[in-house]
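Worksheet: the structure to be examined is printed underneath.
The values are calculated or read from the model by the stated rules, or taken from the named source; none is laboratory data. From a predicted model like this one, the values you see are computed outputs, not experimental measurements. A quick note on method: Cβ atoms are made from the backbone with ideal geometry, for glycine too, and the neighbour counts reach across all protein chains shown. We work out accessible area using only protein heavy atoms, side chains counted, and drop any ligands, DNA or RNA first. Shrake-Rupley method; radii C 1.70, N 1.55, O 1.52, S 1.80 Å.
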Amino acid sequence: DRNVNENGRLDFATDSLQRIFTNLYSNFSREDRISLKFDATLIPSIATPLLDSLTSTLNPLRMGDYTSWMNRLAVGIQKLCATTGSDNEAYALREIILTQSIAPWITRSLSSTKWDPVANVET
């Protein structure tokens, strides 16, 4: 089933990111993370390509059970944010994921010439 495969890929991506982020956040102090500009450079350079690769083959407008996928995405993002050392870092990570990966992905789908809002409406 296509949805199971998409959900499996999402789970794999978020679980992998969670392991990476857990290691990064536990090995660097808050001061180190600030001086290394984790929020501005390191985290986006890891998360964005992986999430872009994951979403590049998916079209949110044609996903069968998109609510299940989006719920899994929300849970995955929450797990990633739990790996950070503070609420501010969690907020920054959430913002990076949403503004650099998810919003552009949805925008590309909505502006795609392959999607016809008249013909592709669920009835």
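Return yes when Arg72 is open to solvent by 70 Å² or more (accessible area, probe 1.4 Å) and in contact with a helix residue (DSSP H, G or I) (Cβ under 8 Å, 6 or more places away or on another chain) and no when it is not. Here the answer is yes, as Arg72 does meet what is asked.
To keep it simple, each residue is scored yes or no on (1) touching a residue at least 60 places away in the same chain (Cβ under 8 Å); (2) open to solvent by less than 20 Å² (accessible area, probe 1.4 Å).
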| site | (1), (2) |
| --- | --- |
| Arg9 | no, no |
| Ala13 | yes, yes |
| Phe38 | no, yes |
| Thr41 | no, no |
| Ser86 | no, no |
